[in-house]
Amino acid sequence: MKAASLKELKTELQTLPLATVLDLCMHLAKYKKENKELLTYLLFEAHDEEYYIKEVKELIDEQFENINKSSLFLAKKTVRKVLRTTNKFIKYSGLKQTEVELLIYFCNKIKNSGLPLPDNTALGNLYQRQILKINKALKTLHEDLQYDFSEEIKLL
């Protein structure tokens with residue numbers, strides 16, 4: 001089965017009655033956790049981006065507290081998991097300012113975690129890729145925001 005394009009889906013959704021569209025949304029939310037999380041963001045959190053960023057930062061803090069530092073292998077796996085979670089919440093927002101702010105926070109957490117970034121190639125490369133990603137997203141922001149965030153990036 002071939003998936004329909006977004007334009008075709010939008011056209012079809014516009015022709016359906018509101019109750020049917022609501023049923024389709026509930027059906028989507030029922031089967032995938034990511035769909036439910038995205039719907040939660042769009043309905044309840046999209047209007048207050050500051051609160052959303054604060055909540056995601058708290059989640060990042062919780063995940064960094066649970067890093068198993070006894071084994072570098074397990075620590076790397078956990079850091080990758082935290083990064084996947086961070087990227088998922090960045091994707092929900094879709095705002096470059098949120099992306100820059102959350103990635104800077106993630107990089108600060110990994111830098112202050114006590115993990116050997118320079119000694120470990122995988123962790124060092126992961127950290128450097130996030131810095132590049134921050135700089136790329138930073139170029140799309142307003143000059144005032146660029147200046148504010150560039151001061152934080154210098155500390156990284």
Practice item. May I ask you to list, by number, the DSSP H helices of the chain whose Cα span along the axis is at least 15 Å and whose average Kyte-Doolittle hydropathy reaches 1.0 or more? Key: 18-31
Point to revise | Qualifying trypsin sites (Lys or Arg not before Pro) for segment 1-109 [loop in DSSP, other Cβ within 10 Å: at most 14] | key: LYS2, LYS32, LYS69
Review point. Once phi is turned into ³J(HN,Hα) by the Karplus curve 6.51 cos²θ - 1.76 cosθ + 1.60 with θ = phi - 60°, what whole-Hz value does each residue of segment 41-48 show in order, with x for glycine and proline?
Key: 4, 5, 7, 10, 10, 5, 6, 10
Exercise for review: Using the Cα centre as the reference, give the magnitude of the dipole from point charges on the C-beta atoms of segment 46-155 (Lys, Arg: +1; Asp, Glu: -1; all else neutral), rounded to the nearest 20 debye.
Suggested key: 840 debye
Revision key, fill the gap. So, relative contact order of the chain in percent, Cα under 8 Å, 6 or more apart, is 17 percent
Practice item. Under 20 Å Cα to Cα from LYS2, which aspartates and glutamates show up? Leave out anything in the same chain fewer than 8 places away. Key: GLU12
Review point. In a shell of Cβ-Cβ distance under 15 Å around GLU151, excluding GLU151 itself, what net charge do Lys and Arg (+1) and Asp and Glu (-1) give?
Key: -4
Exercise for review: Just rank CYS107, CYS25, fewest to most, by other beta-carbon atoms within 10 angstrom.
Suggested key: CYS25, CYS107
Review point. Rounded to the nearest 500, what is the chain's calculated 222 nm mean residue ellipticity when only DSSP H runs of at least 4 contribute -39500 (n - 2.57) each, over all residues?
Key: -24500 deg cm²/dmol
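The numbers here are math on the coordinates, done by the rules we state, and not lab data. Here the structure is a predicted model, which means the values were calculated and not measured. Here Cβ is always computed from backbone atoms with ideal geometry, including for glycine, and neighbour counts include all displayed protein chains.
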